[in-house]
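The values are calculated or read from the model by the stated rules, or taken from the named source; none is laboratory data. Remember, it's a predicted structure, so these values are computed and weren't measured experimentally. As a convention, Cβ positions derive from the backbone with ideal geometry for all residues, glycine included, and neighbour counts pool all protein chains shown. Please note that ligands, DNA and RNA were not included when accessible areas were found on the heavy atoms of the full protein model with its side chains. Shrake-Rupley method; radii C 1.70, N 1.55, O 1.52, S 1.80 Å.
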Amino acid sequence: MKKLSAVQQKQQTLVFSVADTLEAEALKELGGMVQCWFDVQYHDFPGSLLLRFQFENEESLNEAAPQLKVWQRKLSAALLKKGVILKQGRQHLIFTVESPED
């Protein structure tokens with residue numbers, strides 16, 4: 001694995017910070033949520049950022065689905081506060097039952 005540049009390390013810190021904050025809030029508000037995890041290619045940041053809120057099962061996922069747009073806006077707002085603008089906010093956060101190992 002290639003070592004991250006100083007800029008990429010700052011991006012990584014920013015993404016971890018935002019993901020941790022959203023995860024803590026979502027665990028309180030969304031029933032059945034297990035964890036938040038993400039993929040990102042730092043050379044294509046922020047366009048490649050994809051956060052996933054993992055749920056226990058399809059039932060809890062379906063119950064949370066109406067809240068998806070709210071959480072997408074929260075992600076966009078949190079990144080904007082850090083100086084990062086998402087052009088297509090809906091593309092960067094999804095709800096899933098898949099784990100990082102799947």
Matching option when the condition is crowded, with 16+ Cβ neighbours inside 10 Å and touching a His at 6+ places or on another chain (Cβ under 7 Å), among 86, 93: 86
Residue selected from segment 10-60 under the condition open to solvent by 40 Å² or more (accessible area, probe 1.4 Å), assigned to a helix (DSSP H, G or I) and of a type in the set (Gly, Ala, Ser), by the criterion farthest from residue 98 (Cα to Cα): 17
Subset of segment 43-55 (residues that are farther than 13 Å from residue 26 by Cβ and touching a strand residue (DSSP E or B) at 6+ places or on another chain (Cβ under 6 Å)): 50
Filter result for residue 85 (of a type outside the set (Lys, Arg), within 28 Å of residue 7 (Cα to Cα) and modelled with pLDDT of 95 or more): no
Test set (1) small (Gly, Ala, Ser); (2) in a loop (DSSP other than H, G, I, E, B); (3) in contact with a helix residue (DSSP H, G or I) (Cβ under 8 Å, 6 or more places away or on another chain) - residue 83 fails condition number: (3)
